[in-house]
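S.K.: Quick one: the structure is below, and I'll ask about it shortly.
The values are calculated or read from the model by the stated rules, or taken from the named source; none is laboratory data. Bear in mind the structure is a predicted one, so any value in this text is a computation, not a measurement. No Cβ is skipped: glycine too gets one built from the backbone with ideal geometry, and neighbour counts run over all protein chains shown.
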Amino acid sequence: METTRWPGVWRDGRELFTRNADPGVKVYGEPLRTVDGVEYRGWDPWRSKLAALLVHGAPPEVLARPRSVLYLGGAHGTTASHLSDLWPDAPIFVVEKSPSSFAPLLALARRRTNLLPILADAQLPERYRADVGEVDLLYQDVAQRDQVRIFRENVEACLDERGRGVLMLKVRSVTQRRPAVAIVRDSRAGLGRAGLTIDGEWSLTPFAREHVALAVHR
Ligand SMILES: C[S@@+](CC[C@H](N)C(=O)[O-])C[C@H]1O[C@@H](n2cnc3c(N)ncnc32)[C@H](O)[C@@H]1O
């Protein structure tokens, strides 16, 4: 097991791993590997867009240790579980609007106490803003038509004035009728109008088709 440029992420050949905060337990069928008494969990770029972003060359700052995190679109907690491994001391608020996804997320959070699930619509940050407070990392993966507006409103509601964010933009959820490059250009402009600086843009092909990751800071 070798260290990588991302703090808390290990590599064995081409496979990425995080240190399992819940030893012996898999979250999504990922491989477990024990080396020198430490258990690691495979981090699959086909299942987690954040792992795909690392494979595509994200800089170490993308995984710089935050004080607290707001994660929009947690689903069953696949990616959130790896953040939980990476940052055991950081509260990670995970918003999910689908009750059927929320049930497994809640079960995961019972085992991983730094995951704080919230059953809510990310379009209405005023509903959870008081609970979340100010975070210094906003991560969003909701695959909705108005993804950029949702991101901007959550920046306004919950992101510290020196915070940073990662938007997993599903290009085809915005519209089917315009070229992908135009959608990405407009999305970048929309983030700029919210006072955000774009630090990087990465296509996630082939792991997540028609997805672009945008890293930003305030
Ligand atoms: C692609 S999945 C997220 C996968 C997850 N981020 C991961 O990597 O493990 C998108 C999730 O966003 C949720 N979602 C979509 N719109 C939402 C909204 N407005 N508020 C909260 N969650 C939303 C969906 O229910 C779905 O579970």
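S.K.: Kindly indicate the residue of the stretch 99-108 that is free of Cβ contacts under 8 Å to residues at least 12 places away in the same chain and over 12 Å from VAL27 (Cα atoms) and also surrounded by the fewest Cβ atoms within 10 Å (Cβ to Cβ) among those meeting that condition.
M.R.: Of the stretch 99-108, the ones free of Cβ contacts under 8 Å to residues at least 12 places away in the same chain are 100, 103, 106-107.
Pick out the ones that are also over 12 Å from VAL27 (Cα atoms) and you get 100, 103, 106.
On the way: SER100: 8, ALA103: 14, LEU106: 15.
By that ranking, first place goes to SER100.
S.K.: Could you tell me which numbered condition VAL155 fails, if it satisfies all but one of (1) surrounded by fewer than 17 Cβ atoms within 10 Å (Cβ to Cβ); (2) of a type in the set (A, V, I, L, M, F, W, C); (3) farther than 24 Å from PRO88 by Cβ?
M.R.: Of the numbered conditions (1) surrounded by fewer than 17 Cβ atoms within 10 Å (Cβ to Cβ); (2) of a type in the set (A, V, I, L, M, F, W, C); (3) farther than 24 Å from PRO88 by Cβ, the odd one out for VAL155 is (1).
S.K.: So which of PRO88, PRO66 ends up being assigned to a loop (DSSP other than H, G, I, E, B), surrounded by 21 or more Cβ atoms within 10 Å (Cβ to Cβ) and more than 11 Å from the ligand (Cβ to nearest atom)? If you could, list the steps in order and put the result at the bottom.
M.R.: Working: PRO88 fails: surrounded by 21 or more Cβ atoms within 10 Å (Cβ to Cβ).
Exactly one residue qualifies, and that residue is PRO66.
S.K.: Could you pull out the residue among ARG111, ARG11 that is basic (Lys, Arg), more than 9 Å from the ligand (Cβ to nearest atom) and touching a residue at least 12 places away in the same chain (Cβ under 8 Å)? Don't jump to the end; show me each part of the working.
M.R.: Values: ARG11 fails: touching a residue at least 12 places away in the same chain (Cβ under 8 Å).
Answer to the selection: ARG111.
S.K.: Identify, from the list ARG129, ARG162, the residue that is out of contact with any helix residue (DSSP H, G or I) (no Cβ under 6 Å at 6 or more places or on another chain), on the phi < 0 side of the Ramachandran plot and surrounded by fewer than 21 Cβ atoms within 10 Å (Cβ to Cβ). I'd like the intermediate steps shown before the answer.
M.R.: Numbers: ARG129 fails: out of contact with any helix residue (DSSP H, G or I) (no Cβ under 6 Å at 6 or more places or on another chain).
Checking each option against the conditions leaves just ARG162.
S.K.: Quickly run through the stretch 114-134 and pick out the residues that are over 22 Å from HIS211 (Cβ atoms), hydrophobic (A, V, I, L, M, F, W, C) and either within 11 Å of the ligand (Cβ to nearest atom) or part of a strand (DSSP E or B) (or both).
M.R.: Step one: list which residues in the stretch 114-134 are over 22 Å from HIS211 (Cβ atoms), which gives 114-120, 124-134.
Then keep just the ones that are hydrophobic (A, V, I, L, M, F, W, C); that gives 115-116, 118-120, 124, 130, 132.
LEU115, LEU116, ILE118, LEU119, ALA120, LEU124, listed by residue number.
S.K.: Sticking with this one: Out of all the residues in the stretch 43-60, is one or more modelled with pLDDT of 95 or more and farther than 19 Å from PHE207 by Cα?
M.R.: yes
S.K.: Is there a residue being at pLDDT 95 or above, of a type in the set (A, V, I, L, M), surrounded by 14 or more Cβ atoms within 10 Å (Cβ to Cβ) and within 13 Å of the ligand (Cβ to nearest atom) anywhere in the stretch 169-182?
M.R.: Of the stretch 169-182, the ones at pLDDT 95 or above are 169.
If we keep only those that are of a type in the set (A, V, I, L, M) as well, we get 169.
If we keep only those that are surrounded by 14 or more Cβ atoms within 10 Å (Cβ to Cβ) as well, we get 169.
This time we only want the ones that are within 13 Å of the ligand (Cβ to nearest atom), so: 169.
The answer is yes, given that some residue of the stretch 169-182 is at pLDDT 95 or above, of a type in the set (A, V, I, L, M), surrounded by 14 or more Cβ atoms within 10 Å (Cβ to Cβ) and within 13 Å of the ligand (Cβ to nearest atom).
S.K.: Specify the residue that is farthest from SER68 (Cα to Cα); the eligible residues are those in the stretch 135-166 that are touching a residue at least 40 places away in the same chain (Cβ under 8 Å) and assigned to a loop (DSSP other than H, G, I, E, B).
M.R.: Step one: filter the stretch 135-166 for residues touching a residue at least 40 places away in the same chain (Cβ under 8 Å), giving 135-143, 147-152, 154-155, 158-166.
If we keep only those that are assigned to a loop (DSSP other than H, G, I, E, B) as well, we get 141-143.
On the way: ASP141: 17, VAL142: 20, ALA143: 23 Å.
Result: ALA143.
S.K.: Can I ask one more? Keeping to the stretch 187-200, report how many residues are loosely packed, with under 14 Cβ neighbours inside 10 Å and not hydrophobic (A, V, I, L, M, F, W, C).
M.R.: Qualifying residue count, the stretch 187-200: 4.
S.K.: Just checking, does the stretch 167-184 include any residue being outside any helix (DSSP H, G or I), under 12 Å from ARG218 (Cβ atoms) and touching a residue at least 60 places away in the same chain (Cβ under 8 Å)? So that I can check it myself, show each step before the final result.
M.R.: Here is the first cut: in the stretch 167-184, the ones outside any helix (DSSP H, G or I) are 167-170, 175-179.
Then drop every residue that is not under 12 Å from ARG218 (Cβ atoms), which leaves none.
For the stretch 167-184, residues outside any helix (DSSP H, G or I), under 12 Å from ARG218 (Cβ atoms) and touching a residue at least 60 places away in the same chain (Cβ under 8 Å): absent.
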